[in-house]
Amino acid sequence: MPNPGRPVQRRIDPTTVGGRARGTSGRPGGRKPRVVVKKATLRDWIGGARLRTLPLAVAPVALGTAAAHLLSNGGWHWVRALLALAVAVFLQIGVNFANDYSDGVRGTDRYRVGPSRLTGSGAAKPRTVLVVALVFFALGAVAGLALVVTSGYYWLIVVGAVAIVAAYFYTGGKRPYGYYGLGELFVFVFFGLVATVGTTYTQVGTVNIESWLSATAAGLFACAVLMVNNIRDLAQDKAAGKRTLAVLVGLRAARVLFAVFVVVPYVILVFFVLFYTKAPLVYFTLLAAVPAIIITLTGKTAPEFILALKLTSLTALLFGLSLAAAIAF
């Protein structure tokens, strides 16, 4: 899922001055200036990883671990928790680079108004971006295999394989389901339910209601982040033939859906308030959530939606960490 990055820089070939070839009179027939795309730097690659999306990987693992801590009567498997975190982070970065590659080679990013991408801008070769994506998927697979071995639940290998395949075909392949309005369903299932419940299960071998409810909240925040990103790119995605959920339902309905995705986790929070004394403190995260909702409901420009995206990611992280602390302590 995207986050704001640094736009690619372009420079005029030094053999030209003022749009005219150096050493010519500027008359017709002179050599035309050549626009050169600056090659991706380390900073560009870090931007391509879209680190601002990582809260969507961290929060579910924190919530799943807190639920496991509760089931184990105060104990928890920190090694398995770290392995689950590694799986979530590596897959998140992997899907970010895979999206960069797939959208770039399809030409979808030609219509972008948001930050430029490595492939679409020409700053990096498509094959290089694909290889980087596959490397992170491989790292996630290795961490997942280690988690399976340490937990002893070998059937989870199938779940991990499905997650990696789903991450690639979100925008990859001939018929990417992200182009048919199914992106929110993907992030809800894998960055909400699977990440949270899976973390709990690998630590204690069972799942409680706290894990399921917090997984639902985490998944809805992931949907909200994706929705506001797609609202920003709605007109451009429509022109490119990318039928996101925002494109399919229209701007007004997309704004309302975003608000629903953000508000429902706070309704779910009522359950935790009834049983955990520190849970009411989680409502302080509304200080970031409410501005995100207002901006998304009223915003008209890309910078406004980028700000809403940042606030939503921050809300997801703070909500997840504070609720996890309320459950565990």
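Among the residues of the stretch 305-329, count how many are part of a helix (DSSP H, G or I) and aromatic (Phe, Trp, Tyr). Let's see the steps before the verdict.
So in the stretch 305-329, the residues part of a helix (DSSP H, G or I) come out as 305-328.
Filter once more, so that each one left must be aromatic (Phe, Trp, Tyr): 305, 319.
So the answer is 2.
Could we say that Ala328 is at pLDDT below 95 and on the phi < 0 side of the Ramachandran plot here? When the stated conditions are applied, Ala328 passes them.
Filtering the stretch 285-329 to residues that are under 14 Å from Ala224 (Cα atoms) and among the acidic types (Asp, Glu) leaves nothing. Filtering the stretch 143-174 to residues that are exposed (fewer than 14 other Cβ atoms within 10 Å of the Cβ), of a type outside the set (Gly, Ala, Ser) and part of a helix (DSSP H, G or I) leaves Val149, Val158, Val162, Val165.
I'd like to check something: does the stretch 122-138 contain any residue that is of a type in the set (Gly, Ala, Ser), assigned to a helix (DSSP H, G or I), at pLDDT below 95 and surrounded by fewer than 24 Cβ atoms within 10 Å (Cβ to Cβ)? Break it down stepwise before answering.
First, pick out the residues of the stretch 122-138 that are of a type in the set (Gly, Ala, Ser): 122-124, 133, 138.
Filter again for assigned to a helix (DSSP H, G or I), leaving 133, 138.
After this cut, where a residue has to be at pLDDT below 95 as well, the list is 133.
If we keep only those that are surrounded by fewer than 24 Cβ atoms within 10 Å (Cβ to Cβ) as well, we get none.
So far as the stretch 122-138 goes, no, none of its residues is of a type in the set (Gly, Ala, Ser), assigned to a helix (DSSP H, G or I), at pLDDT below 95 and surrounded by fewer than 24 Cβ atoms within 10 Å (Cβ to Cβ).
Can you work out which of the residues in the stretch 228-245 that are touching a residue at least 12 places away in the same chain (Cβ under 8 Å), over 22 Å from Thr312 (Cα atoms) and charged (D, E, K, R) is surrounded by the most Cβ atoms within 10 Å (Cβ to Cβ)? Ranking the qualifying residues of the stretch 228-245, first place goes to Lys242. Evaluation of Tyr180 against the conditions (1) touching a residue at least 12 places away in the same chain (Cβ under 8 Å); (2) within 26 Å of Gly250 (Cα to Cα); (3) within 17 Å of the chain's Cα centre (by Cα) shows that the sole unmet condition is (3).
Listed here are the residues, each with its yes/no results for (1) within 25 Å of Gly198 (Cα to Cα); (2) not small (Gly, Ala, Ser).
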position: Pro126; (1), (2): no, yes
position: Val131; (1), (2): no, yes
position: Val135; (1), (2): yes, yes
position: Ser151; (1), (2): yes, no
position: Tyr154; (1), (2): yes, yes
position: Ala161; (1), (2): yes, no
position: Phe169; (1), (2): yes, yes
position: Lys174; (1), (2): no, yes
position: Gly178; (1), (2): yes, no
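The values are calculated or read from the model by the stated rules, or taken from the named source; none is laboratory data. Since we're looking at a predicted model, the values are computed, not measured. As a convention, Cβ positions derive from the backbone with ideal geometry for all residues, glycine included, and neighbour counts pool all protein chains shown.
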